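In what follows, a structure is listed as structure tokens, so that the remarks can point back to it.
Every number in this text was worked out from the coordinates using simple rules, so none of it is lab data. What you see is a predicted model, and the numbers here were worked out from it, not measured in a lab. Every residue, glycine among them, receives a Cβ derived from its backbone with ideal geometry; neighbour counts consider all protein chains shown.
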Amino acid sequence: MLENLRKISIEDFNYPLPVEQIAQYPLEARDNSRLLVLKENNISEDTFLTLASHLPAESLLIFNETRVVHARLLFRKPSGSQIEIFCLEPVKPTNDIQLAFQQQQSCTWKCLVGNARRWKSGSLDIVSEMGCSPVQLTATLNERDETAFYIHFEWTPSHLTFAQILEYFGKIPLPPYISRDASENDNTRYQTVFARNNGSVAAPTAGLHFTPEVLSSLAKKNIKTDSVTLHVGAGTFKPVSSETIGDHHMHFEQVIVPARILKEILSYKDKDKHITLVGTTTVRTLESVYWQGVKWLQKKPESAIMHIEQWDPYLNLSEKPVSTEDALQCVIDTLERFGLTELKGETSLMIAPGYTYHIPDAIITNFHQPKSTLLLLVAAFIGEKWKDAYHYALLNNFRFLSYGDSCLFFKHKLK
């Protein structure tokens with residue numbers, strides 16, 4: 001199976017996306033975005049405000065509560081050259097994102113550097129005022145590898161956390177296809193209303209459409225909402241540049257999944273009740289949990305830390321298929337054995353056509369870039385109907401990508 005999957009041509013997931021259909025700004029009201037619904041091979045459209053009317057009563061909806069950090073730092077050299085540092089992931093003294101943001105005084109992060117040819121060595125400084133006190137951030141270039149730079153940060157006053165430093169000095173990291181500078185409005189609108197855990201360098205964009213009104217309408221229909229966390233890395237939105245997907249490298253992203261949610265999913269599965277996942281990040285998180293359960297069923301773990309690699313689902317990890325219930329129960333039991341209430345770890349799971357889904361009955365997502373792994377995930381869920389859905393959206397002037405419109409896809413059922 002893996003050999004055939006790796007040969008999938010990314011050109012088969014290309015489509016013409018006019019620049020004018022890439023949303024540059026959010027709508028004035030989040031829930032006024034259009035909603036394309038694909039159910040039982042039928043395409044219809046509505047507004048996101050009516051989402052609850054399209055979902056079964058007493059079902060479960062799970063979203064990603066990660067929060068986008070102000071990951072773009074702009075420094076200026078004495079010569080006048082501007083250097084942009086884009087924080088990707090923590091390295092020292094910890095690689096745990098939650099702990100890294102609480103770090104005081106200094107830390108080292110893996111970063112992208114814009115205009116790097118102008119910064120060969122040495123340190124850069126930003127100095128400003130926070131209230132009546134001076135604040136200084138210093139960035140020192142330590143080393144680099146083929147993909148990124150390792151930057152050491154130090155700041156004063158040293159009692160401030162790195163989260164506070166980024167919030168003060170940094171800018172919200174809008175995607176490169178939004179061809180404008182970030183504004184004050186983006187600080188609010190490029191976050192979901194339920195964002196809680198600092199850690200993402202890109203928004204889980206399917207969640208951007210939710211409002212208190214939408215959440216209230218779901219509750220009135222007894223649709224329960226809950227959340228997991230996947231801290232979105234820059235690699236998630238990187239287009240596939242190789243001819244086949246087998247040569248594409250997925251980056252690891254950190255996840256947090258409370259055990260109570262796994263118990264909740266089990267309960268809904270046992271009663272054959274509907275589960276909707278909001279966004280590709282939530283999909284990848286919970287599908288990764290399934291595969292972690294499969295791995296732990298094969299070999300009793302020495303620790304309860306998730307680690308799912310890109311091709312794990314396609315390596316015949318089990319001689320016979322493992323049910324969703326057995327895999328999730330294994331994860332729950334393992335967490336209890338180690339006295340933990342949540343699953344933490346990382347995943348680089350790639351979902352592509354040929355993949356068998358285990359958790360969602362429907363997914364809510366935005367319209368994705370051509371030749372992206374996100375589009376592969378959608379195609380794995382609804383089959384060739386993705387072409388019809390995207391053709392409809394293009395023909396009817398839907399808005400695409402992060403600030404664009406939304407989709408509700410019900411699971412493609414094989415005949």
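For the range 364-378, 3J(HN,Hα) computed residue by residue from phi via the Karplus equation (6.51, -1.76, 1.60; θ = phi - 60°) reads 9, 7, 8, 8, 9, 4, x, 6, 10, 5, 5, 5, 4, 4, 4 Hz, glycine and proline entered as x. Karplus-derived 3J(HN,Hα) values for the range 44-61, using 6.51 cos²θ - 1.76 cosθ + 1.60 with θ = phi - 60°, are 9, 9, 7, 10, 5, 4, 8, 3, 4, 5, 9, 10, x, 4, 6, 9, 10, 10 Hz; glycine and proline are entered as x. Taking the number of Cβ atoms within 10 Å of each Cβ as an exposure proxy, the fewest-first ranking of Thr229, Thr94, Thr280 is Thr94, Thr229, Thr280.
Each peptide among 54-66, 367-379 gets the average number of other Cβ atoms lying within 10 Å of its residues, and from highest to lowest they stand as 367-379, 54-66.
If you take the beta carbon distance between Glu154 and Ile305 as r and set R0 to 35 Å, what does 1/(1 + (r/R0)^6) give as a FRET efficiency, to the nearest 0.05?
Approximately 0.70, to the nearest 0.05.
Here the range 1-54 and the range 288-315 have alpha carbon centers that stand 30 Å from each other.
Each label was represented as a point 7 Å from its Cα along the Cα-to-Cβ direction; for Thr94 and Gln298 these points are 3.1 nm apart. Once each part is reduced to its C-alpha centroid, what is the distance from the range 235-255 to the range 319-382 in angstrom? Result: 16 Å between the Cα centres.
Around Thr140, with a cut-off of 13 angstrom between Cβ atoms, what is the net charge of the other residues, counting Lys and Arg +1 and Asp and Glu -1? Here the count lands on 0.
Once you sort the root eigenvalues of the Cα gyration tensor of the chain as a ≥ b ≥ c, which label holds: rounded (a/c under 1.5), prolate (a/b larger than b/c) or oblate (the other case)?
On the way: a/c = 1.58, a/b = 1.35, b/c = 1.17.
Verdict is prolate for the chain.
How would the range 171-250 be classified by its alpha-carbon gyration tensor: rounded, prolate or oblate, with rounded meaning a/c under 1.5 and the a/b versus b/c comparison settling the rest? Oblate, because a/c is 1.5 or more while a/b does not exceed b/c. About its Cα centre, the range 258-415 has a charge dipole of approximately 300 debye under the convention of +1 per Lys or Arg Cβ and -1 per Asp or Glu Cβ, with nothing else charged. Once backbone amide H atoms are built at 1.01 Å from N, Arg67 has Arg196, Asn197, Asn198, Gly199, Ser200 as its partners under 5 Å, excluding neighbours fewer than 5 places away on the same chain. In terms of the mean number of neighbouring beta-carbon atoms within 10 Å, the peptides 44-53, 142-151, 344-353 order highest first as 344-353, 44-53, 142-151.
When the helices of the chain are scored as -39500 (n - 2.57) per DSSP H run of n ≥ 4 and the total is divided over every residue, the value at 222 nm lands at -7000 deg cm²/dmol. Beta bridges assigned by DSSP with both partners in the chain are antiparallel in approximately 70 percent of cases.
Under 1.5 on a/c is rounded, so check that first for the range 71-170, then, if it is not, pick prolate when a/b is larger than b/c and oblate when it is not; a ≥ b ≥ c are the square roots of the alpha carbon gyration tensor eigenvalues. Here the range 71-170 falls in the oblate category.
Each peptide in 176-185, 27-36 receives the mean, over its residues, of other Cβ atoms within 10 Å, and ordering these scores from highest gives 27-36, 176-185. Springs between Cα atoms under 10 Å define the GNM used for the chain, and in it the highest mean-square fluctuation of Phe86, Phe381, Phe338 occurs at Phe338. Between Leu160 and Gln105, the built amide H atoms are under 5 Å apart, and every one of these is 5 or more places off in sequence or on another chain. Between Glu167 and Asp181, residue separation times 0.36 nm minus the direct Cα-Cα distance comes to 3.4 nm.
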